[in-house]
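The values are calculated or read from the model by the stated rules, or taken from the named source; none is laboratory data. Just so it is clear, the structure is predicted and the values come from calculations on it, not from any experiment. Virtual Cβ from ideal backbone geometry, glycine too; neighbours counted across all protein chains shown.
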Amino acid sequence: MTDSLRPQGHHRAPLPPAQPASGVPTPRSPQKQHDRQDHNRDDRNRQDRDRQATPGKQRDSFFDNAKYLAIVLVAMAHSWEPLKGDSRILEGVYTVVYTFHMPAFIIISGYFSRSFDMRPDRLRRLVTGILVPYVVFETAYTLFKRYGDHDPGMTVSLLDPWYLTWFLLALFIWRLTTPLWKTARWPLPLALGIAMFGSVSPEIGNDLDLQRVLQFLPYFVLGLCMKPEHFQRVRTRAMRIASVPVFAVALAIGWWAVPRMDTAWFYHRDAAQELGAPWWTGPVMVLALFGCSLLLTACFFAWVPRRRMWFTALGAGTLYGYLLHGFLVKAGDFYGWFEPRWLHRPLGEIAVTLVAAAAVTLLCTRPVQRVFRFVMEPDMKWAFKRDAAELARVREKSERREKVPA
């Protein structure tokens, strides 16, 4: 979900050294030494720009770890849905996890969308990496429910995303609007205002799942506004220590709120009136949940490892795990896998949690990525023409490589 950084500035090649007379040795003059230093410095700068322009060569382990851990929490929470009705403790934990797991994922998505603009190559990646998978998986999930759940009324509609596919559609819309947020003077307050407006507008309806698009928008915009030092502030030992009592209090509040609060508030898919609440509670809940989500997300980031771990490489395949694990969860619903009574007891709930974590981990691995890359990251060169600017960049890069001595 990241976009490559566009190289900035112009490369100025050093002047060629003067040619000495044939057979006459010349000492290295200070000017020539200075030219050589400039040449080496330019080479290093060029190599740094090339590394930045090539996605995937240098990845921050922290973000890959965060994406993997967040997607594991997503899969575990989905596996709890058929079980949580029998356990107040599990319902409370489910509520706490739902407070921050998607906000954390969306904030990271916004952070890596900062460089997005309307450049043709980035628009192509947006279409092939987000829109095409949305069309494919929305169709696949709809057909899976129609025939797996024997629901003849379920028809394919790309305007009404079902289950997990809402995130792809929302990400597509958010990323398209990125240039607008980058030019706004107060982007985050504006995004919060839009989210609050959505929370009191039931007439928006279900088309494009716009309620979620609008109510989750502030997290994406916050990610756009963040800088590396903002993440550094939460990755401290003091923050890790402070996060322990914060999570303990959150779990206690989650347990207390189970019989007193509708869990649907955490899905951000309905207006206040649709939840049977007064209209004014919509904006209040948007702000309250935004504050709670940011607090728990910061505590979550504090515990994300910074170094490379055994699961770091899986961070590059989290979208695969996200879209594919839903078939397993829904199959469990359709075919009665969650019906045995022992699964609704503490040991059974722990077993389901471990199976969900293991399953989504496998779905993020490289073999799975290779199998499904044709629909998740299709090349589709046949559908797009190469613009002149891209051809010029490729030609310039090729010429620079030829000039660099081996």
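A few notes on this one:
- Pairs linking a residue in the range 311-333 that is closer than 21 Å to residue 63 by Cα to a residue that is not in a helix (DSSP H, G or I), with Cβ atoms under 7 Å and 6 or more positions apart or on different chains, are 314/364; 314/365; 317/364; 317/365; 318/364; 319/1; 320/364; 321/364.
- Residue under evaluation residue 188, criteria (1) under 29 Å from residue 117 (Cα atoms); (2) at pLDDT below 95, criterion not met: (2)
- 3 or more residues of a type in the set (Ser, Thr, Tyr): qualifying helices (runs of 4 or more DSSP H) within the range 72-164: 88-111, 132-148
- Residue satisfying condition, being more than 19 Å from residue 105 (Cα to Cα), of a type in the set (A, V, I, L, M), crowded, with 16+ Cβ neighbours inside 10 Å and without any contact (Cβ under 8 Å) to a residue 60 or more places away in the chain, within set 271, 277: 277
- Pairing each residue of the range 355-366 that is within 14 Å of residue 315 (Cα to Cα) and aliphatic (A, V, I, L, M) with any residue that is in a loop (DSSP other than H, G, I, E, B) and modelled with pLDDT of 95 or more, provided the two are 6+ apart or on different chains, yields no C-beta distance under 8 Å.
- Residue count for the range 360-389 under the criterion of being in a helix (DSSP H, G or I) and within 23 Å of residue 75 (Cα to Cα): the result is 14.
- Count of the range 196-235 residues which are over 23 Å from the mean Cα position of the chain (by Cα) and either farther than 26 Å from residue 282 by Cβ or crowded, with 22+ Cβ neighbours inside 10 Å (or both): 1
- Highlighted here are the helices (runs of 4 or more DSSP H) found entirely within the range 190-281 that include at least 3 residues which are within 25 Å of residue 93 (Cα to Cα): 210-215, 217-225, 237-257.
- Set 249, 258: member being more than 26 Å from the chain's Cα centre (by Cα) and modelled with pLDDT of 95 or more: 249
- In the range 171-189, the residues that are part of a helix (DSSP H, G or I) and free of Cβ contacts under 8 Å to residues at least 60 places away in the same chain: 172, 173, 176, 180, 181, 183, 187, 188, 189
- Hey, residue 84 more than 17 Å from the chain's Cα centre (by Cα) and closer than 30 Å to residue 289 by Cβ or not: yes
- Tally of residues being within 22 Å of residue 93 (Cα to Cα) and assigned to a helix (DSSP H, G or I) across the range 322-358: 25
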